[in-house]
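One structure below.
The values are calculated or read from the model by the stated rules, or taken from the named source; none is laboratory data. Just so we're clear, the structure is a prediction, and the values are computed from it rather than from any experiment. Positions of Cβ are backbone-derived with ideal geometry, glycine not excepted, and every protein chain shown enters the neighbour counts.
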Amino acid sequence: MSVTRRRVLASAGAIALSAPSIVAAQGQRELRFIPHADVASLDPVWTTADITRNHGNMVYDQLFGFDSSFAPHPQMVAGHTVSADGMVWELTLRDGMKFHDGEKVLARDCVASLLRCFKRDAFGAAMMSRTDEISAPSDSLIRIRLKKPFALVPEALAQPACVMMPERIAKTDANTQVTDPVGSGPFRFLMNERVSGSRVVYEKFAGYVPRPDGKVSFLSGPRVVHFDRVVWTYQPDPATAAAALAKNEYDWWENPPADLTGLLRRGGDLTVDVLNRMGSIGCIRFNHLHPPFDNVAIRRLVLSAVNQKEFMEATSGAEPNLYRTKVGLFTPGMPMANDAGVEALTERTDFAKIKQDLAAAGYKGEKIVLLGPSTIPALHIQSQVADDLLRKMGFNVDYQSLEWGTVVQRRASKEPMDKGGWNIFITNLTSLNNVFVPAQIAIRSGPAAWFGWPNMPRMEELREEWLNAPTVEEQRRIVREMQMQSWRDVPYTPLGQFFQPAAYNKSLADVQVGWPVFHAVRRV
């Protein structure tokens, strides 16, 4: 980020924080939230976009839910049994659960939801490769018969995309977006109040029955709702968002840029804290289907020129404690994280030589389309740094600055550039993507893989080896090899890890650690 831009933001923020409140607080029963993006897609199975994941946690419920340490706990499930040989799991649903249309939640709804989700979800696909059948012997019983034992069934069922829908909706093809967001979660989506590009509204679902036992922790335990309505209003301009938060027009801002967090703290009425403590890993994602990035030698050249510190300073330089470099496939500090081969990120700056190497690798000067999200500050900044780097390397860059919802739709296209395709998009890999090996979407391979569609047979073999590994020590050995393989295949280039603070009014209590969820939180 340029010094000039930082000064403009700081000036605007200072003005905002010193202005008197001119808007009276809304009723105690409404929570007003500024999300990081507009909800462009309502289907958390179809897209991995974080904003749709967050929407899904409002509208849908799950068989298992993660606590703040990402340990899975029964959620819609009253209890479960596992056969002595580990081959049959039986899950019994809780009584009293209903969908927003008033229909009772039945086991067959859940079976249809699982089958749809697992056609796209990376973790679910790993489970399905080991599953013989998922059935509903009765209205309250789900039976999972495995081909081989799979101890990670609860983790698979707690993945964000593993949401329960009515059977009539869950039968929608997994590659077609669901547009009817009827779930059984603690909030109903008010379609008639949706303003595309700006606003979505959720209403407390009166028919929701919270889990009767346990302690709330992120997505586990009783999802008790204390607000009648939650209104998400997307505000793309940070200075405007800061001013509105200071004037009490909003209660909670998901992603203030690092430039403004100091000012927000000094306001006195706000808590500024990192809630998602797993952080995010920046990502240059390549389209492997079309030139020039179908050529691994060219992808390796980009990898060799990336300086993670430069990307992270641009993202979080105002607060250096909010980023880490020398980051590979997995979240630093988590069991699977390692430093194998990080020297592949050699931070080359001999751009004259890089241009020669690029030509020798087969680059012919063709235009490359870079999709740069403009409406999420961290992605916008990382896109600008990537654009500058690619141009220095000698690429003919067509930098298309687009709002995030457009990128979400566009990146699904496998078409060539002259038909609306793309070569690179910039995104962040968040939370579970960087913790669980089966959930690491960016290292999947083949035509059904995450957007970019790399072909990496050895990586798939290693993934299977990890799933079959008998010990944690063997898993750790395999992930080191997986990371080394990623430097060879270059499905994407990691840009470092950063942590996104949130800002919320001190009148809010019980705000959960993790990505934004709206049960439990209350006003005091």
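Observations on the model:
- Within segment 497-518, the only residue that satisfies the criterion of being in contact with a strand residue (DSSP E or B) (Cβ under 7 Å, 6 or more places away or on another chain), among the aliphatic types (A, V, I, L, M) and not in a strand (DSSP E or B) is V511.
- Test for P494: is it in contact (Cβ under 8 Å) with a residue 12 or more places away in the chain and either among the β-branched types (V, I, T) or in a strand (DSSP E or B) (or both): yes
- Only listed residue being surrounded by 16 or more Cβ atoms within 10 Å (Cβ to Cβ), over 27 Å from G279 (Cβ atoms) and touching a residue at least 24 places away in the same chain (Cβ under 8 Å), chosen from G394, G372, G405: G394
- Pairs where the first residue, in segment 236-254, is within 13 Å of R32 (Cα to Cα) and the second is among the β-branched types (V, I, T) and outside any loop (DSSP other than H, G, I, E, B), C-beta under 6 Å, 6+ apart: A241/I34; Y250/I34; W253/I34
- Only one of the numbered conditions (1) over 21 Å from the mean Cα position of the chain (by Cα); (2) crowded, with 16+ Cβ neighbours inside 10 Å; (3) outside any helix (DSSP H, G or I) is not met by F425, and that is (1).
- Hey, A509 on the phi < 0 side of the Ramachandran plot, small (G, A, S), in the same structural domain as A340 (by TED's automatic domain parsing) and without any contact (Cβ under 8 Å) to a residue 24 or more places away in the chain or not: no
- Residues satisfying the stated conditions in segment 72-103, i.e. closer than 28 Å to P181 by Cβ and part of a loop (DSSP other than H, G, I, E, B): Q75, M76, R94, D95, G96, M97, F99, H100, D101, G102, E103
- In the condition set (1) in contact with a Lys or Arg (Cβ under 8 Å, 6 or more places away or on another chain); (2) of a type outside the set (A, V, I, L, M, F, W, C); (3) assigned to a helix (DSSP H, G or I), P44 is compliant with all but (3).
- The residues of segment 411-445 that are without any contact (Cβ under 8 Å) to a residue 12 or more places away in the chain and at positive phi amount to a single one, G420.
- From P438, P454, residue being surrounded by 19 or more Cβ atoms within 10 Å (Cβ to Cβ), assigned to a loop (DSSP other than H, G, I, E, B) and in contact with an Asp or Glu (Cβ under 9 Å, 6 or more places away or on another chain): P454
- Considered as a group, the residues in segment 104-139 that are out of contact with any Phe, Trp or Tyr (no Cβ under 8 Å at 6 or more places or on another chain) and part of a strand (DSSP E or B) include one that is nearest to F66 (Cα to Cα), and that residue is I134.
- Scoring L467 on the criteria (1) aliphatic (A, V, I, L, M); (2) assigned to a helix (DSSP H, G or I); (3) more than 29 Å from L345 (Cβ to Cβ) leaves a single failure, condition (3).
- Check on Q475, over 21 Å from the mean Cα position of the chain (by Cα), assigned to a helix (DSSP H, G or I), touching a residue at least 12 places away in the same chain (Cβ under 8 Å) and farther than 20 Å from L152 by Cα: no
- Search result, residues across segment 123-137 that are hydrophobic (A, V, I, L, M, F, W, C) and either out of contact with any Lys or Arg (no Cβ under 6 Å at 6 or more places or on another chain) or within 16 Å of F436 (Cα to Cα) (or both): F123, A125, A126, M127, M128, I134
- Annotation: of all residues in segment 70-97 being β-branched (V, I, T) and under 23 Å from S217 (Cβ atoms), the one that is surrounded by the fewest Cβ atoms within 10 Å (Cβ to Cβ) is T92.
- Note on segment 320-351: among residues that are closer than 18 Å to D259 by Cα and surrounded by 16 or more Cβ atoms within 10 Å (Cβ to Cβ), the one that is modelled with the lowest pLDDT is L322.
- Near pairs, Cβ below 8 angstrom, 6+ apart or cross-chain, from segment 257-268 (touching a residue at least 40 places away in the same chain (Cβ under 8 Å)) to any residue that is surrounded by 15 or more Cβ atoms within 10 Å (Cβ to Cβ) and among the basic types (K, R): D259/R6
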